[in-house]
1. Please specify each residue of segment 135-163 satisfying the condition of being in contact with a Pro (Cβ under 9 Å, 6 or more places away or on another chain) and either aliphatic (A, V, I, L, M) or open to solvent by less than 30 Å² (accessible area, probe 1.4 Å) (or both).
2. Name the single residue, out of those in segment 106-118 being of a type outside the set (Asp, Glu) and open to solvent by 80 Å² or more (accessible area, probe 1.4 Å), that is modelled with the lowest pLDDT.
3. How do the helices (runs of 4 or more DSSP H) wholly within segment 60-155 filter down when requiring 2 or more residues that are touching a residue at least 40 places away in the same chain (Cβ under 8 Å) and not polar (S, T, N, Q): which remain?
4. Pairs under 6 Å by beta carbon, first residue over 18 Å from Glu79 (Cα atoms) and free of Cβ contacts under 8 Å to residues at least 24 places away in the same chain in segment 41-55, partner open to solvent by 80 Å² or more (accessible area, probe 1.4 Å) and among the acidic types (Asp, Glu), six or more apart or different chains?
5. Listed residues Gly71, Gly26, Gly15, Gly45; which is under 18 Å from the mean Cα position of the chain (by Cα), at pLDDT below 95 and more than 28 Å from Leu129 (Cα to Cα)?
6. When only residues in segment 49-67 that are open to solvent by 60 Å² or more (accessible area, probe 1.4 Å) and closer than 25 Å to Asp117 by Cβ count, which is nearest to the chain's Cα centre (by Cα)?
7. Output the number of residues of segment 39-48 satisfying the condition of being assigned to a helix (DSSP H, G or I) and open to solvent by 30 Å² or more (accessible area, probe 1.4 Å).
Amino acid sequence: MYTRRSMGRTEEQAGAAPRRTRDPEGRRAAIVEAAVSVIAERGIGNTTHRLIAARAGVPLGSTTYYFPSLGDLVDAALEKVADECRTTLAGWEERLRASPATPGPVIADAAAAYLEDRERAIVEYDLYLAAARDERLRPLVDAWIGEMTRAVATVSDEPTARAITAL
């Protein structure tokens, strides 16, 4: 039987495309990032494995390989957004601690920066709405609100911190 290897040539020498290096974590991260984009564009309720696979540029089977259910994939996307929020909140808290006498400008700058990232703001609002209906998502929202309230409470009393967080 004829094979390219039996003729003494490698696939690359025979003109075949070189094989891609396997990067399972990179592919998983790309799928999650695509899910965040699709959620921002379409909403959680209109998000599908097929849309995410197309956005990530991966075969549909890859999304179901890494995330057997759509719920698992949406949860991973929302967890990614929550992790990014925690990082952002840590930065806000640092800035608030550095200027406890004048927190207003820090809070205003933080709010303006937050609103510049429209995709992220939409995903977070979608998360809040989804958590109102799906109790599995409530811990993510509760943690985010709690962390923001704690950050603001470093320069204000608790009721003011809750009011600013709600705003």
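The values are calculated or read from the model by the stated rules, or taken from the named source; none is laboratory data. These numbers were taken from a predicted model, which means no experiment stands behind them. Heads up, the Cβs are rebuilt from the backbone with ideal geometry, glycines too, and the neighbour counts pull from every protein chain shown. To get the accessible areas, we keep the full protein, side chains included, count just its heavy atoms, and leave off ligands, DNA and RNA. Shrake-Rupley method; radii C 1.70, N 1.55, O 1.52, S 1.80 Å.
1. Of segment 135-163, the ones in contact with a Pro (Cβ under 9 Å, 6 or more places away or on another chain) are 152, 154-156.
Result: Val152, Val155.
2. Step one: filter segment 106-118 for residues of a type outside the set (Asp, Glu), giving 106-108, 110-115, 118.
So of that shortlist, the ones also open to solvent by 80 Å² or more (accessible area, probe 1.4 Å) come out as 115, 118.
Details: Leu115: 84, Arg118: 87.
My answer is Leu115.
3. Working: elements: 60-66, 70-98, 103-116, 118-133, 138-153.
Those helices (runs of 4 or more DSSP H) span 70-98, 103-116, 118-133, 138-153.
4. Every condition considered, no pair remains.
5. Working: Gly71 fails: more than 28 Å from Leu129 (Cα to Cα); Gly15 fails: under 18 Å from the mean Cα position of the chain (by Cα); Gly45 fails: more than 28 Å from Leu129 (Cα to Cα).
Gly26 is the lone residue from the list that is under 18 Å from the mean Cα position of the chain (by Cα), at pLDDT below 95 and more than 28 Å from Leu129 (Cα to Cα).
6. In this case the residue turns out to be Arg55.
7. We begin by selecting, within segment 39-48, every residue assigned to a helix (DSSP H, G or I); these are 39-42, 44-46.
After this cut, where a residue has to be open to solvent by 30 Å² or more (accessible area, probe 1.4 Å) as well, the list is 41-42, 44-46.
Count: 5.
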